[in-house]
Amino acid sequence: MRTTLRDFIKSSALAGFGALILPNSLFSYPNHKKNAKKVRLGFIAMGMRGQVLLQEMIRRDDVDIMAIADPDPGMLQRGQQLLKNGNRPPAREFGKGDYDYQNLLKEADIDAVLIASPWEWHKTQAVEAMYARKIVGLEVAGAITLKECWEYVKAYEETRVPIMVLENVCYRRDVMAVLQMVRKGMFGEVIHGQGGYLHDLRGVLFNDGVTPYNSGVEFGEKASAKPNGAPTTM
Ligand SMILES: NC(=O)c1ccc[n+]([C@@H]2O[C@H](COP(=O)([O-])OP(=O)(O)OC[C@H]3O[C@@H](n4cnc5c(N)ncnc54)[C@H](O)[C@@H]3O)[C@@H](O)[C@H]2O)c1
C-alpha cells in the first residue's frame, strides 16, 4: 500500500496524541475517586530527575503534591523548596531510610506515585505501589532482568493498576517518525532491530562537582555531530 506524506503525518499526529491521554486514563481508573478533579501525587525519590518531574507537576492545576520520599535529607529539602517557590504547601516527608517509601504507599490520600529512584529500586517500588493501589509513573529503565519484566505483568494482571514508563525520548519527533514508518511497513517485515541512544552525557558524568548539568546534554544529531566530544552548553 502506498503511503502519502499526508497519511503519514496524520497517523504520526494521532500516535503523538496517544501520549497525551494519560490524565484521562488516570481519572477513568476504576478505583479512582468518583468525580475527582485532581490527582493526588506522591513522589518516590527526589534526586535530579525527581526534581524535574516535581517542577512539571507544580505547573499543573489538576495535581496536588501530597508527599515525597527520599532517604537523602538534602534532596527532600530541595523538593520542599521547589514547592515553596511554586506557592504550593509543603509535602509530607518520608526520609527515614531506604524503605520509608513503604509508609508513603500506606497513605490513603495518594492516588498515584512518580518514581525516579536508581534502577535497582524500580521493580520493587513500582510493584509494591501497584499492590498498594497507587497508579505508577516510572522513570526508566524499570527492569534490569527479564524476570523483573514478568513481575510487572503479574502485578498488573492481579491488580489492574495502570503503570507507565516515563521515557520521554520515545515521543521525540524523529523517534515517532521511525515508529510510524515501521507501522506503515516502509521497511518491509521487521525481524530484527538494533539501535543506539545518541545521548552525550559526558557533561553530566564528568561535571564540575558544583552543577550537575554544567556543560550540557546533547541528543540525536547534536550528540553525533561532535565525534571529538567538545562539550557544548544546553
Ligand atoms: N527520562 C529521562 O529523560 C531521565 C533523565 C534523567 C534520569 N532519568 C532516570 O531517573 C532516575 C533517577 O535519576 P537521577 O538522575 O534523578 O538520579 P539521582 O541520583 O540524582 O537521584 C536518585 C534519588 O533517589 C534517591 N533514592 C535512593 N534510594 C531510594 C529509595 N530506596 N527510596 C527513595 N529514594 C531513593 C536518592 O537519594 C536520590 O535522591 C533513573 O532511573 C534515571 O535513569 C530519566
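Please treat every number below as a calculation from the coordinates, not as lab data. Source: prediction; values computed, not measured. Backbone-built Cβ (ideal geometry, glycine too); neighbour counts: all protein chains shown.
Summary of computed values
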quantity: Net +/- balance of residues flanking LYS134 in space, Cβ distance below 12 Å, scoring K and R +1, D and E -1; calculated: -1
quantity: Segment GLU148-ILE191, extension gain: residue separation times 0.36 nm, minus the distance between their alpha carbons; calculated: 13.0 nm
quantity: Which of GLU56, GLU157 has the fewest Cβ neighbours within 10 Å, and the rest in rising order; calculated: GLU157, GLU56
quantity: Label-point separation in nm, ASN87 to ASP100, each point 7 Å along Cα→Cβ; calculated: 3.0 nm
quantity: Cα gyration tensor, segment 81-202 - rounded (a/c under 1.5), prolate or oblate; calculated: prolate
quantity: Packing-based exposure ordering (other Cβ within 10 Å, fewest first) of GLU218, GLU128; calculated: GLU128, GLU218
quantity: Built amide H within the under 5 Å cut-off of SER117, gap 5+; calculated: GLU139
quantity: Order of GLU93, GLU120, GLU158 under a 10 Å beta carbon neighbour criterion, fewest first; calculated: GLU120, GLU158, GLU93
quantity: Extension reserve of the HIS199-ASP61 stretch, reckoned as 0.36 nm per residue once the Cα distance is removed; calculated: 46.5 nm
